[in-house]
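Here the structure comes first, spelled out in structure tokens, and everything after it is commentary.
The values are calculated or read from the model by the stated rules, or taken from the named source; none is laboratory data. Given the structure is predicted, the values throughout are model-derived calculations rather than measurements. Cβ atoms come from the backbone with ideal geometry, glycine included; neighbour counts cover every protein chain shown. Just so you know, the surface numbers come from the protein's heavy atoms only, side chains and all, with ligands and any DNA or RNA stripped out. Shrake-Rupley method; radii C 1.70, N 1.55, O 1.52, S 1.80 Å.
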Amino acid sequence: MRLSDIALSNLKRRKLKASLLVLGIVIGVASIVGLYSITQAMQQDLANKIDEFGSNMLILPATDEVSFGGVTVQGAGTVRELQMSDIAKMKTIKNKETLAIIAPKLLAEEKINGKQAMLVGVQFRQELKLKKWWKVDWLGGKKIMPGGEQVLVGSDAARVLGLRPGAKVNIKGKQLTVAGVIKATGSTENDSAIFLDLTTLQQVTNHPGAISLIEAAAWCYTCPIERVTAQLQQKLPYTKVQALKASTQSRDDTVRKFSVFSFAVSIVIGLIGAMVVMMSMMSSVKERTRDIGVLRATGFRKTHVITIVLIEAGILSLVGGIIGYAIGMGAASLFGSAIAQLPITVSWNLIVALAAIGGAAVIGLIASAYPAWRAARLDPVEALRYI
């Protein structure tokens with residue numbers, strides 16, 4: 001008879017104890033998987049929401065003149081300008097997948113209706129992704145994507161210049177339409193500026209391909225922002241790459257707290273699960289003293305006894321791991337949003353499944369090692385006294 005057959009026979013004869021042991025493993029694995037999945041979803045949601053508040057990196061020229069966003073930057077026509085080709089270089093860094101939004105800008109000044117105004121050339125599709133907090137009074141009351149013949153006007157600029165949605169504005173001889181007015185943001189650079197298509201501003205200022213600065217949103221909650229900054233600096237040595245530490249530090253600190261909490265609770269649950277397995281297997285060994293004595297008396301070696309006990313533990317642990325993963329992920333998917341108080345999405349992950357099942361098997365085998373060793377050391381003569 002094979003050792004695996006003996007192990008299976010033992011489990012069938014002790015269905016209640018086997019079921020209780022599997023239940024303990026299921027509870028432990030389900031708790032860890034559910035907690036981990038919810039925490040990961042919360043981390044992703046948190047990182048995305050914090051990143052929605054705008055850029056966390058600025059790429060500036062080496063010599064600067066014009067103030068924008070509280071940072072001194074170079075304007076069009078100064079010694080050294082950035083070029084649109086620099087954006088392509090940014091997309092070649094090692095961690096390029098973290099650069100979620102790249103928003104180039106060209107800055108210029110122009111008199112409009114006899115008053116000085118700041119012009120900001122942008123790629124509207126990228127800019128509106130970056131500035132998700134903007135609230136705009138759109139022409140016609142419906143959000144549109146401004147084109148080359150349209151502008152968005154900050155609240156202060158609209159008030160001073162007397163502009164409203166649908167109004168015409170002359171910029172360096174080119175008639176453009178106000179597609180919307182941005183409601184007050186509390187930022188002078190947004191409220192006092194006129195935003196127009198980047199290519200249009202490059203044309204009217206005779207600076208084709210030129211840009212003054214680049215704002216970027218790097219979604220890198222799994223990697224240090226400094227690493228991305230260093231890679232960009234290497235690709236663009238003639239620029240100054242700055243990470244806006246206020247947003248990134250806050251994001252990283254919050255995410256780190258979630259990770260530490262999840263890890264600590266998982267360790268505690270894992271230790272409790274290991275203790276449950278070990279105590280259950282110790283109790284099983286004591287109850288089967290007579291059976292072990294018969295095996296030893298009929299020629300089974302110590303290694304055979306150890307193998308049988310470990311096979312039993314391995315089978316129960318694998319079953320518990322599979323059921324626990326399914327229950328943990330199911331609970332996280334159904335109740336994750338309610339627990340996190342956030343509209344999170346929990347994704348089923350093959351790597352997490354393999355880790356959960358493999359981890360349950362490893363913990364079960366390690367916890368059963370001592371009971372198996374105790375079983376192998378039983379004196380067959382002493383054990384046969386229980387017959």
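Provide a single number: the residues in the range 112-144 that are assigned to a loop (DSSP other than H, G, I, E, B) and over 17 Å from Ala167 (Cα atoms).
The initial filter retains those residues of the range 112-144 that are assigned to a loop (DSSP other than H, G, I, E, B), namely 113-114, 123, 131-135, 142-144.
Within this subset, residues satisfying the condition of being over 17 Å from Ala167 (Cα atoms) are 123, 131-135.
Number satisfying all stated conditions: 6.
Residues are listed down the side, and each one gets a yes or a no for (1) at pLDDT 85 or above; (2) more than 30 Å from Thr39 (Cβ to Cβ); (3) surrounded by fewer than 21 Cβ atoms within 10 Å (Cβ to Cβ); (4) touching a strand residue (DSSP E or B) at 6+ places or on another chain (Cβ under 8 Å):
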position: Gly321; (1), (2), (3), (4): yes, no, no, no
position: Gly330; (1), (2), (3), (4): yes, no, yes, no
position: Gln341; (1), (2), (3), (4): no, no, yes, no
position: Ser347; (1), (2), (3), (4): no, no, yes, no
position: Ala376; (1), (2), (3), (4): no, yes, yes, no
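Counting only residues that are open to solvent by 20 Å² or more (accessible area, probe 1.4 Å) and under 16 Å from Val265 (Cα atoms), how many does the range 17-29 have?
Of the residues in that region, 1 qualify.
Search the range 201-221 for residues being in a helix (DSSP H, G or I) and open to solvent by 10 Å² or more (accessible area, probe 1.4 Å), and hand back the single one that is nearest to Leu60 (Cα to Cα). First the steps, then the outcome.
Residues of the range 201-221 in a helix (DSSP H, G or I): 201-204.
When the remaining residues are screened for being open to solvent by 10 Å² or more (accessible area, probe 1.4 Å), the result is 202-204.
Values: Gln202: 18, Gln203: 21, Val204: 22 Å.
Among residues in the range 201-221 that are in a helix (DSSP H, G or I) and open to solvent by 10 Å² or more (accessible area, probe 1.4 Å), the one nearest to Leu60 (Cα to Cα) is Gln202.
Identify, by number, the condition in (1) at pLDDT 90 or above; (2) open to solvent by 70 Å² or more (accessible area, probe 1.4 Å) that Gly186 doesn't meet.
(1)
Scan the range 189-210 and give yes if some residue there is among the aromatic types (Phe, Trp, Tyr) and more than 30 Å from Gln44 (Cβ to Cβ), otherwise no. It would help to see each step written out before you state the result.
Applying the first criterion (among the aromatic types (Phe, Trp, Tyr)) to the range 189-210 yields 195.
Narrowing the set further to residues that are more than 30 Å from Gln44 (Cβ to Cβ) leaves 195.
Checked against the condition, which is being among the aromatic types (Phe, Trp, Tyr) and more than 30 Å from Gln44 (Cβ to Cβ), the range 189-210 yields at least one hit.
Could you count how many residues in the range 78-111 are closer than 30 Å to Gly162 by Cβ and surrounded by fewer than 20 Cβ atoms within 10 Å (Cβ to Cβ)?
Residues meeting the conditions: 3.
Can you name the number of the only condition in (1) within 25 Å of Ser19 (Cβ to Cβ); (2) at pLDDT below 85; (3) surrounded by fewer than 15 Cβ atoms within 10 Å (Cβ to Cβ) that Ile363 fails?
Ile363 satisfies all of (1) within 25 Å of Ser19 (Cβ to Cβ); (2) at pLDDT below 85; (3) surrounded by fewer than 15 Cβ atoms within 10 Å (Cβ to Cβ) except (3).
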